[in-house]
Amino acid sequence: MSGSPVSSPPIRSGRVAHSQGVDAPLIEVFGLLLEAHAHLVDRLDQELVEAQRMPLQSFEVLIRLARTPGASLTAGELARAVALSSGGATRLIDRLEAAGLVAREADARDRRVVRVGLTAAGHDALLAALPVHLEGLERHLAGPLDPDDLTALEKALRSIREGFDAGFADG
């Protein structure tokens, strides 16, 4: 094999034709997004575990429940919200339930549906971990950005999420 980089044929989307192959700017942007996400998750998880003995995924479940009207979601809704498989979400909910931080209950409208709710102990654990998480976000997410960049990042991420919610990213 020669030392030249491998190039793929141009990829056409509805908006842009990419002839750069592996060097396409969107490949670079997506790679940066993945790297930044991995570093943030690792660092925030480490800080929460050290300070509160709470993994970031557990914190994310608790905060999602606290921010949801009625403070309960189905296991499937939680899995999607924190990017876990259904089996992964079930195992995490089992651990949180065993620790007394969440409780399972039958849905009032459909008894076949099981909802996961935040307990008082879960709420207290969330409040204890929240300052650690906020300090980490300030240091590792907001710290490297100027306020305009942080605002632009929020706007861009909302646009991407809303595109999926509206079905724009499905085709």
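Computed quantities for the displayed model
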{"quantity": "Additional length obtainable on full extension of the chain from GLU50 to GLU138, 0.36 nm per residue less Cα span", "calculated": "29.9 nm"}
{"quantity": "Of [x] 18.9; [y] 16.1; [z] 16.5, the label for Kirkwood radius over Cα pairs in Å derived from the coordinates", "calculated": "[x]"}
{"quantity": "Accessible solvent surface per residue of the chain, calculated while the other protein chains remain in place, 1.4 angstrom probe, Å²", "calculated": "70"}
{"quantity": "Estimated inter-spin distance, GLU77 and LEU130, nm [label 7 Å along Cα→Cβ]", "calculated": "2.0"}
{"quantity": "Most to least packed among 111-117, 66-72 [average Cβ atoms within 10 Å]", "calculated": "111-117, 66-72"}
{"quantity": "In Hz, Karplus ³J(HN,Hα) per residue of the stretch 106-113 (6.51, -1.76, 1.60; θ = phi - 60°; x = Gly, Pro)", "calculated": "5, 5, 5, 8, 9, 5, 6, 8"}
{"quantity": "Ellipticity estimate at 222 nm from DSSP helix runs (n ≥ 4, -39,500 (n - 2.57)) divided over the chain, nearest 500", "calculated": "-19000 deg cm²/dmol"}
{"quantity": "Stretchable slack from ALA152 to ALA98, in nm (0.36 nm times residue separation minus alpha-carbon distance)", "calculated": "15.4 nm"}
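The values are calculated or read from the model by the stated rules, or taken from the named source; none is laboratory data. Bear in mind that the values here come from a model prediction, so they are computed numbers and not experimental data. Please note: Cβ atoms are built from the backbone with ideal geometry, for glycine as well, and neighbour counts cover all protein chains shown. Each accessible area value is taken on the protein alone, full model and side chains, heavy atoms only, with ligands, DNA and RNA left out. Shrake-Rupley method; radii C 1.70, N 1.55, O 1.52, S 1.80 Å.
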